[in-house]
Structure formats: C-alpha cells, structure tokens
Amino acid sequence: MPQSPIEFKGSSFTLSVVHLHHSQPDVIRQALQEKIDQAPAFLQNAPVVLNISALSGDINWKQMQQAISATGLRIVGVSGCKDDAQKKWWPARAYRCSLKAKRTAKRLKRRLRKKLLHPLLLPRASTKRAW
C-alpha cells in the first residue's frame, strides 16, 4: 500500500513566553538584552511568544517588534490580546513570522544534528533491520 505524501500529527513544543510589562520599545530591548547577556547560548535566536496582556494604551507595535528582533529573539506568536488594536497588529505579521519560525527550527535541527547529538541518538530513516 503506497504511503500518503503527507501526514498530520499532533506535537507539543516548549517555547519561552516574554511577558511585556512596559510599552516603551527601548526599555524592552534593553531588558531583553540584559537577560540574553546572562544566558547567551540559551536565548540567542530563540523563538518566543509575546504575552501582551499587561499592556494597554497606544503602543507603536512596529517599533516594539523591531526592538525585540534587534536582540536576536524571533517572535513566533502573540498571546494576551485584549482589544481590537492589539488583535489587528499581529495577523498582518503572523504569516511572515511563522515562516521565520520554520526556518529557525530547521536551522536549529540541522545544527543539533551536526554538532551536538551523537549519531546513534538520531532517528533513523527506517526502522526495518536486515538481520
């Protein structure tokens, strides 16, 4: 029986969530950079979800996104949207950001396979064994 060219499966991913408590992009960038400097290997180019539930009022979302991206973090999602202005900001960027997340995940997977994981620990293409 031929195998289907695609398959849908459920998966779980652990992502860091950045809870924003300040509406000034420069303040957020500086705070993020200080955290990244404490653990650069863990946070460099990390995919993150922004939780914006604590923010209200007029926020320059473009500047906020640029400030966060300038630290090297990759925004892959936003949670905690309370009003229409917050909900309108994200969908325009969701597709582009999801593509960035996919590329980042692929690069990370390749990097892990090349450098960090022992070849015997990697999944094999086939589970059949020729005894």
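The values are calculated or read from the model by the stated rules, or taken from the named source; none is laboratory data. Owing to the predicted nature of the structure, the values given are computational and were not obtained by experimental measurement. Glycine gets a Cβ as well: all are built from the backbone with ideal geometry, and neighbour counts include every protein chain shown. Surface areas here come from the heavy atoms of the whole protein model, side chains and all, with no ligands, DNA or RNA. Shrake-Rupley method; radii C 1.70, N 1.55, O 1.52, S 1.80 Å.
Each of V49 and Q33 was given a label point 7 Å from its Cα along the Cα-to-Cβ line. The distance between the two points is 2.8 nm. The apolar share of the surface of segment 1-47, taken as the fraction of accessible area on carbon and sulfur atoms (1.4 Å probe, ligands and nucleic acids excluded), comes to 55 percent. Protein heavy-atom accessible surface, 1.4 Å probe, per residue over segment 1-53: 81 Å².
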